[in-house]
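See structure below.
The values are calculated or read from the model by the stated rules, or taken from the named source; none is laboratory data. None of the values given here were measured: they were computed from a predicted structure. Positions of Cβ are generated from backbone atoms using ideal geometry, with glycine treated the same way; all protein chains shown enter the neighbour counts. What goes into the accessible areas is simple: the full protein's heavy atoms, side chains included, and nothing from ligands, DNA or RNA. Shrake-Rupley method; radii C 1.70, N 1.55, O 1.52, S 1.80 Å.
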Amino acid sequence: MLCLGFLLLAAFLGGGAAFAAGGARVVFAVLAALVAALGLRTLFLRLVATRSGLRVHGLLGNRTYAWSELQRIELGRDPVNSMNPLQAFHRQWIPVAHLTSGRTLTLSQITSYTIRQSARDTTLAARVAAELELARAAAR
């Protein structure tokens, strides 16, 4: 869905480039290309657990966290959309990694939605968080 949104925005900017003149045409064309590249990048967002650690493929780049850098991984709520008025009707769950440095890392590549709080442990995000925690514990 995120990919589609970015590609629609890129098409809109491309249409703006077609109707613009001079320097504005170049600006719109460059923006359209950048937004399209971001849209295509969303197809490759993922988490990869390896023997050495957790590789996070994000929107703007990749990062590997060694298992020793991760204190624990658990299920949490996604705070990004806390201002969404629909949060009153559904909850958004994501795995959260707590780093040994004290920072928290939201692994929003895996997101699950429920209407009831009690259904949180049956979500894909809960299963992924549990499996990543098992992999982290086994690597120690």
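Observations on the structure shown:
- Inter-label distance for Ala139 and Ser101, nm, one decimal - labels placed 7 Å from Cα along Cα-to-Cβ: 1.6 nm
- For the chain, the spread of Cα positions along the three principal axes, ordered from largest to smallest, is 59, 38, 23 Å.
- Computed from Cα atoms, the angle from the helix 2-19 axis to the main principal axis of the chain rounds to 10 degrees.
- For region 1-71, the share of alpha carbon pairs falling in successive 5 Å distance bins from zero is 4, 17, 18, 14, 12, 10, 9, 7, 5, 3, 1 percent.
- Helix 124-139 vs. the chain, principal-axis angle (Cα, 0 to 90°, nearest 10): 60 degrees
- Percentage relative contact order, the chain, counting C-alpha pairs under 8 Å, at least six apart: 18 percent
- Packing-based order for 15-22, 50-57, 91-98, using average beta carbon neighbours within 10 Å, highest first: 91-98, 50-57, 15-22
- Net dipole in debye of the chain [+1 Lys, Arg Cβ; -1 Asp, Glu Cβ; about Cα centre; nearest 20]: 180 debye
- Span from the region 7-84 Cα centroid across to the region 90-123 one, whole angstrom: 19 Å
- Ellipticity estimate at 222 nm from DSSP helix runs (n ≥ 4, -39,500 (n - 2.57)) divided over the chain, nearest 500: -13000 deg cm²/dmol
- Accessible area per residue, Å², the chain with all protein chains present, probe 1.4 Å: 62 Å²
- Under Karplus coefficients 6.51, -1.76 and 1.60, residue-wise ³J(HN,Hα) of region 97-104 in Hz, glycine/proline x: 9, 9, 7, 5, 6, x, 6, 10
- Between 0 and 90°, nearest 10: helix 23-41 axis offset from the chain longest Cα axis: 30 degrees
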